[in-house]
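What follows is a set of notes on a single structure, which appears directly below.
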Amino acid sequence: MAEAVEKAGSPVELTRDLGVGQFTKVPDEITNWIEEQRSWRESVAFADQSYHMTDHYVEGPDALDLYKDFAVNSFENTEPGKAKQLVVANPNGNYIGDAIWFHLEEDKFLSVGSRPAHNWLQYQIETGDYDVDGHIQGRPVQTGDDPNNFRFQVQGPEAIKVMEEAVDDEIPDLGFFNFGDISIDGVDAKLLRHGMAGEPGFEFWGDYEDGEKVKEAVMEAGEEYDIKHLGAEAYQTPNAILGWIPLVVPAIFEEGMEDYLEWLDVGDGLLSIGGSFDSDDITDYYFTPVELGYGHIINFDHDFVGAEALEDEVEDPDRKKVTLEWDEEDMVDIFASLFREGETYQYMDFPHPRSAACPYDEVLKDGEHIGVSTDKSYIYNEREFLSLAVIDTEYAEPGTEVTLIWGDPEDNDNKRVERHAQKEVTATVANAPYSEDKR
């Protein structure tokens, strides 16, 4: 990675305008995205997560010491069957990445998610003094390899009934974010109790070769409840109401990270930047775990990397994560421009417009920069176009009106972006998460 940055001239030059790769092997739509969105609110949604995430397997007597040294979370009360959201930061307290972490056996762990957190932890394993083994399985859609596991979700008001019918015996009595053993049509699997888009549900996984058999059994059990299989587009949209920002620029391009960049392969660490926010300084694209809404899981019961920088921020953050409701008249104007003479505004591919892995749109108040808007989606159930943003705390009160800039800069080189004019869009600040939590 270090060589690629030097050749490009800067981290921003390396990562800007690269576009976005294939997200998953699942088709964009199975039925259609509106009905698929409606299913998680009205009935039950089935999602196939087998292809778009990396898996990090860690095993050994020092594994928990590794996590305690580099994750912001506490691990004091963990035991096999527990899961949590793992978050890691750099020495300056800036966010690198997150993943869902599973305590499988006494000294055996798995985390599932995007690559940045896994790269950082694997680097510590290979260069540090830890008695552990670690292995990353890359995103199967990118590598072309079969996943180790199928990984499915069911979510929605009827999700529990569907799983009660699909599971061979009884569903184990699990607390939130705990997992246990089940069997579906004779196939052994693990079942995690959690939720998506504020609705109750489960995640379950097992050997990949058994995936189609399990999928058929669950879909058959869900027929009477009008189950819908989510396509790739609908699957990505609940983030906007759940309040989870899936990808941002990992804070790896700064002083003190030189050895890590030498170790990191450019193909494993490169994420593209897009959107109207345009800075030559890569650190302007960084966030802290606090700004991304992880303040409630940061625990100073252990001395983790970045702790000193985060301790003061937890008490008094400068910026806060919010939801932005985009003005409907401005949204209509974006599409109407396609039917007028002259310049058009950047095209929005509903329901989840994205032309880069890490979208950054500038947010203004009275013409002054106050933050950036990131992942965005149209949510049919809310009849709203929503984005997740990190803005100055003084403007984070729900109901505050702000302006954001839609459209990449004129000099962008992203082949996924057509020629267009930028558009000022009025937006209203709302809470993140956006919807009531019924999990």
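The values are calculated or read from the model by the stated rules, or taken from the named source; none is laboratory data. Here the structure is a predicted model, which means the values were calculated and not measured. Neighbour counts run over all protein chains shown; Cβ positions are idealised from the backbone, glycine included. Just the protein is used for accessible areas: all its heavy atoms, side chains included, with ligands, DNA and RNA removed. Shrake-Rupley method; radii C 1.70, N 1.55, O 1.52, S 1.80 Å.
A Cβ distance below 6 Å, combined with a sequence gap of six or more or placement on separate chains, defines the contacts here; from region 188-199, residues that are modelled with pLDDT of 85 or more reach residues that are in a loop (DSSP other than H, G, I, E, B) and of a type in the set (A, V, I, L, M) in the pairs R193/L174. Here is a check on your reading of the model: is A71 closer than 26 Å to Y285 by Cα, out of contact with any helix residue (DSSP H, G or I) (no Cβ under 7 Å at 6 or more places or on another chain), buried (at least 24 other Cβ atoms within 10 Å of the Cβ) and among the aliphatic types (A, V, I, L, M)? Yes, satisfied. Condition first: assigned to a loop (DSSP other than H, G, I, E, B) and surrounded by 16 or more Cβ atoms within 10 Å (Cβ to Cβ). Now tell me which residues in region 152-173 satisfy that. Correct list: G156, P157, E158.
Figure legend. Inter-residue proximity from region 72-92: first residues at positive phi and modelled with pLDDT under 95, second residues buried (at least 19 other Cβ atoms within 10 Å of the Cβ) and assigned to a loop (DSSP other than H, G, I, E, B), beta-carbon distance below 9 Å, spacing 6+ or different chains. No pairs are indicated. Of everything in region 49-68 that's touching a Leu at 6+ places or on another chain (Cβ under 8 Å), in contact (Cβ under 8 Å) with a residue 60 or more places away in the chain and crowded, with 20+ Cβ neighbours inside 10 Å, which residue is nearest to P351 (Cα to Cα)? By that ranking, first place goes to D55. Region 21-128 holds helices (runs of 4 or more DSSP H) entirely within its bounds, and those carrying 1 or more residues that are within 17 Å of the chain's Cα centre (by Cα) and either more than 23 Å from D301 (Cα to Cα) or not polar (S, T, N, Q) (or both) map to 115-127.
On the given criteria, is I405 surrounded by 14 or more Cβ atoms within 10 Å (Cβ to Cβ) and either touching a Gly at 6+ places or on another chain (Cβ under 6 Å) or assigned to a helix (DSSP H, G or I) (or both)? Answer is no for this residue. For region 74-94, a residue qualifies if it is open to solvent by 10 Å² or more (accessible area, probe 1.4 Å) and touching a Leu at 6+ places or on another chain (Cβ under 9 Å), and the qualifying residues are T78, P80, G81, A83. Pairs linking a residue in region 110-131 that is under 25 Å from N178 (Cα atoms) to a residue that is open to solvent by less than 20 Å² (accessible area, probe 1.4 Å) and in a loop (DSSP other than H, G, I, E, B), with Cβ atoms under 8 Å and 6 or more positions apart or on different chains, are R115/G138; P116/P250; P116/I252. If the condition is being of a type in the set (V, I, T) and over 25 Å from P200 (Cα atoms), then region 1-55 contributes V5, V12, T15, V20.
Number of residues in region 1-20 that are open to solvent by 70 Å² or more (accessible area, probe 1.4 Å) and either basic (K, R) or in a loop (DSSP other than H, G, I, E, B) (or both): the value is 2. Of all residues being touching a residue at least 40 places away in the same chain (Cβ under 8 Å) and among the acidic types (D, E) in region 230-255, which is nearest to A159 (Cα to Cα)? Just the residue, please. So, considering only residues that are touching a residue at least 40 places away in the same chain (Cβ under 8 Å) and among the acidic types (D, E), the one nearest to A159 (Cα to Cα) is E233.
For region 114-149, the set of residues classified as open to solvent by 10 Å² or more (accessible area, probe 1.4 Å), closer than 25 Å to Y286 by Cβ and out of contact with any helix residue (DSSP H, G or I) (no Cβ under 8 Å at 6 or more places or on another chain) consists of S114, Q122, Q142, listed by residue number.
Scanning region 318-343 for residues that are touching a helix residue (DSSP H, G or I) at 6+ places or on another chain (Cβ under 8 Å) and farther than 17 Å from L242 by Cα, we see that the one that is most open to solvent (accessible area, probe 1.4 Å) is E343.
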